[in-house]
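Working notes for the structure below.
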Amino acid sequence: FTFNSLVRSASTRFAGLLSQFSISGALVWGGAVLLVSATTSLAINERKAEFGLIRALGATKNFIRRLVTTQTIIVTGVAGSLGVLGGLVLFYSFYTRIITTLGVPYATPPVAQLGGLILLALLVSVFTGVVAALWPARVASRMEPYEALRRGER
């Protein structure tokens, strides 16, 4: 065994593992987008009368679209922030147990790199909200005021 062959073998295995993680991550993200979109659609269906009233008072379709999109972005942003905060708290709470269980030393990344990863995670959660809100916001903005008020009555 030469050093180059070992490096090449490790690189090949790492590339395969990375591609599997990429595919899994994309599938999970797609599921998250569908889940957030479905939840937003349910919220819109529950608030039909409210949207009809807002439209009857003079709100434009664009205003309704921006309202739904902004609300979804706020919800996903807060959820992403809570997820990152919860992950950090859990990791640092069980840091020594993780190290002893795995039996390998772990060096925490530099603060700048860790901050960049946290920022990336928050941006992905906000981007998820933007993508997930596209269809429900379109549906909400196309409701006619009278029809939305009539269907939204209980």
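We did not get these values from a lab; they are worked out from the coordinates using the rules stated. Keep in mind it's a predicted model, so treat the numbers as computed, not measured. Virtual Cβ from ideal backbone geometry, glycine too; neighbours counted across all protein chains shown.
Please work out the C-alpha center-to-center distance from the range 30-55 to the range 102-154 and express it in whole Å.
14 Å
Taking only DSSP H segments of four or more residues, each worth -39500 (n - 2.57), what value at 222 nm results for the chain once the sum is divided by all its residues, to the nearest 500 deg cm²/dmol?
-30000 deg cm²/dmol
Once label points are set 7 Å from the Cα along Cα→Cβ at both ARG151 and LEU119, what is their separation, rounded to one decimal in nm?
With each label point 7 Å from Cα toward Cβ, the separation is 4.3 nm.
When a/c reaches 1.5 or more, the comparison of a/b and b/c decides; with that in mind, is the range 54-107 rounded, prolate or oblate per its Cα gyration tensor?
Taking the square roots of the gyration eigenvalues as a ≥ b ≥ c, the range 54-107 is prolate.
For the chain, with equal point scatterers placed on the C-alpha atoms only and solvent neglected, what are the log10 I(q)/I(0) values from the Debye formula at q = 0.09, 0.11, 0.14 1/Å, to two decimals?
Those come out to -0.49, -0.65, -0.86, one per q.
Which shape class, rounded, prolate or oblate, goes with the range 30-81 when its Cα gyration tensor gives a ≥ b ≥ c as root eigenvalues, a/c under 1.5 marks rounded, and past that a/b bigger than b/c marks prolate?
Judged from the Cα gyration tensor, the range 30-81 comes out prolate (a/c at least 1.5, a/b above b/c).
Under DSSP H, which helices of the chain have Cα atoms covering 15 Å or more of the helix axis and a Kyte-Doolittle average no less than 1.6?
Correct list, ordered by number: 111-141.
DSSP loop (so not H, G, I, E, B), at most 12 other Cβ within 10 Å: list which chymotrypsin sites (Phe, Trp or Tyr not before Pro) in the range 10-107 pass both filters.
When the chymotrypsin sites (Phe, Trp or Tyr not before Pro) of the range 10-107 are filtered for loop state and at most 12 Cβ neighbours within 10 Å, PHE94, TYR106 remain.
Apply 1/(1 + (r/R0)^6) to the Cβ-Cβ distance of ALA59 and ALA79, taking R0 = 35 Å, and write down the FRET efficiency to the nearest 0.05.
0.85
List the relative contact order of the chain as a percent without decimals, with contacts defined as Cα pairs under 8 Å and 6+ residues apart.
49 percent
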